[in-house]
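Structure record follows, encoded as structure tokens.
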Amino acid sequence: MAKLPSSRRKLACATAVVAAVSFSFPLQSQNMQNGMVNAGIIESSSPGTKNSSVGRSGMTVSPEDFEKLKLAPGYLLQMEIYDTPEMSREMRIDAQGNVTVPLLGSIHLADKTLAEAESMLSKELVQQKILIGPQVTLNVIEFTGKNISVLGEVRSPGRVQLLGPKPLADVLALAAGETDVAGNDIEIQHPAEEGGTTTRHVDYVRGKESNVLQTTVIEPGDTVIVHKSGIVYVLGAVNRPGGYLMVDGGSLNVTQAVSLAGGTTLQAGTRWATVVRPKGDSYTQIRVPLNKMQKGNAEQVLLQRNDVLYVPLSGWKVAVSNGSSVLSAATSASIYRAP
């Protein structure tokens, strides 16, 4: 066979390269247009489920708490073992939290993260002398969504989907934050394993101790209740009688309460005032030396939730003879937020 001159050989090689490049680029472009890109999260056609696997559809965004996701009954997993395709398969976690793996039998994976489940399967394959140094990869194809309930004094109460544990601060943000009348008591109810619920309380003051919200962890299935701040009623001879919310710390003393009510009127008898405090189905009356407190000559008395501070008119009896009438007046009083 006659050899081509060197210049022709170079031209032929260049032509072949250009043809190969021209042929490959349309294929790559077509694949990208068809969505054939490996993705970490894929959407399921089944209502109420979401998927995390490789490659079945277009690329989507993984939820930020996906890495903390704990497996639960109902999850559909894709198991792949490197260089052992015959063991690759889809596995559904049953009601007891188990999956059935070829040659291994039933393995409990509920309440484990993907990384923990992968490690457990690898160890089982080694311990039962099935594989040496297996590389197990698990992907979530379908997951059963778990919700939390955020109730009480939040701007958008209701149910929020949560894949994994989240700080309380993030959970409140998902509910659009607290209302202006939110108190300093946040109740968290967690379902117990033996049935029922366990309850804990978080004492939090807005603008202070924000680290409490970051260190308090909310689990899927929890219920978060933000309680309303307490109300103290200031009635009688004050310029703005009504109820005052105990926000931003949740405590008021007698002098502060009178100040919030605009101070006493000219007709007020300031020597003594009376605190009417509900106690179960009854009430107690506490006489307080208002004039001495205002001058700093007596120890302040802290008011409690739903207390009624009554300032009498001058010349009236200093002790309220009928505390129930004062409590009745409190129910119709206007409510104010402390500035």
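The values are calculated or read from the model by the stated rules, or taken from the named source; none is laboratory data. Keep in mind that this is a model prediction, so the values were computed, not measured. Cβ: placed from backbone, ideal geometry, glycine included. Neighbour counts: every protein chain shown.
Residue-wise test of (1) closer than 30 Å to residue 306 by Cα; (2) touching a strand residue (DSSP E or B) at 6+ places or on another chain (Cβ under 9 Å).
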residue	(1), (2)
120	no, yes
140	no, yes
146	no, yes
162	no, yes
173	yes, no
176	yes, yes
187	yes, yes
191	no, yes
Worksheet item: Just wondering, is there one or more residues in the range 252-263 that are in contact (Cβ under 8 Å) with a residue 24 or more places away in the chain, farther than 30 Å from residue 185 by Cα, among the polar types (S, T, N, Q) and not in a strand (DSSP E or B)?
Response: no
Worksheet, complete the sentence: Restricting the range 107-139 to residues that are assigned to a strand (DSSP E or B) and over 18 Å from residue 96 (Cα atoms), the one farthest from the chain's Cα centre (by Cα) turns out to be 136
Worksheet, complete the sentence: Note: among 240, 206, just one is in a loop (DSSP other than H, G, I, E, B) and modelled with pLDDT of 90 or more, namely 240
Discussion item. Exactly one condition in (1) free of Cβ contacts under 8 Å to residues at least 40 places away in the same chain; (2) β-branched (Val, Ile, Thr); (3) within 30 Å of residue 177 (Cβ to Cβ) is false for residue 232; which is it?
Written reply: (1)
